[in-house]
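Step one of this worksheet: look at the structure below.
Values quoted throughout were computed directly from the atomic coordinates according to the rules given, and no laboratory measurement underlies them. Keep in mind it's a predicted model, so treat the numbers as computed, not measured. Quick reminder, even Gly has a Cβ in these numbers, built from the backbone with ideal geometry, and neighbours come from all protein chains shown.
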Amino acid sequence: MKVVRKAVRGLGARRTRRANFQCFSFVHQMADTPVSVPSVLELARTIVAQAVRQGDTVVDATVGNGHDTLFLAECVGPSGQVYGFDVQEAAIAATQLRLRERALAERVHLHHGGHERMRDALPPDVQGRIRAVMFNLGYLPGAPEKTVMTRPETTLAALDAALDLLTPGGVITAVVYPAHEGGREEAEAVDQWAATRPRDRCRAYTYAPLNTLRPAPRLVILEKVAGHQLPVR
Ligand SMILES: C[S@@+](CC[C@H](N)C(=O)[O-])C[C@H]1O[C@@H](n2cnc3c(N)ncnc32)[C@H](O)[C@@H]1O
């Protein structure tokens, strides 16, 4: 019996030593790994990737060069659907090409038109079932003319539509650029809009670096919830 107890004590000590070693090597590894805080664009994608399942329907409200459209098409898988909007024909064409190159065009419906018309453009059977809507505001990166850009009035109309179209548990991400021409007004309008959404409908968050030389891009996030899930504060 004594021998068994001694063996068990020995095993316990070995386990503790192993656990201590594993803990030490984890801390050691952490110390060697630089802390990686995501950029606003990376965080937007992380949040969307967590919310979206294969087969979902999602919206890219500002298609631009198609990077987010491609990302969304990968998230929803072959049985899902992406609806994309942009007012510039060049953006739609570039995105169509990007999707064809990856054989993802079939699951994406691109609309050459403003996102403020999103409600009219989406078929009735997907309304209220949208899992994510991504906005990346401002102007088309790389475009020679920076005159075509998102504007507060149409952006707010689109955000209103997006919140109506979301399923409970769905998310809206909006990257705003306060340093751009006209961007500060738009960023403030989006903040104000998000901050004043009813708390029994959604939770609103913002994420931004603070100690920057110029006003940095920031991310506004909305998560739609069913009314009864929210505590009244
Ligand atoms: C910052 S870019 C988007 C970048 C894009 N998400 C990407 O991954 O490449 C903003 C885009 O919004 C578009 N835009 C401007 N007003 C719009 C509107 N009312 N509806 C939809 N898109 C609009 C611009 O043409 C531009 O292509």
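Could you compute the FRET efficiency for residue 212 and residue 88, with r as their C-beta to C-beta distance and R0 at 25 Å, rounded to 0.05?
Values: r = 29 Å, r/R0 = 1.14.
Rounded to the nearest 0.05, the efficiency is 0.30.
Quick one: length gained pulling residue 126 to residue 188 fully straight, 0.36 nm per residue minus the C-alpha distance?
On the way: separation 62, 0.36 × 62 = 22.32 nm, distance 3.04 nm.
That works out to 19.3 nm of additional length.
What's the long-distance tail for the range 40-229, i.e. % of Cα pairs beyond 27 Å? Walk me through the numbers before you get to the answer.
Values: 3846 of 17955 pairs.
Of all Cα-Cα distances in the range 40-229, 21 percent exceed 27 Å.
Toward the positive end of the charge dipole of the range 40-229, about the Cα centre and with charges on Cβ (Lys, Arg +1; Asp, Glu -1), which of 178, 51, 69 goes farthest?
Going by the Cα projections, it comes out as 51.
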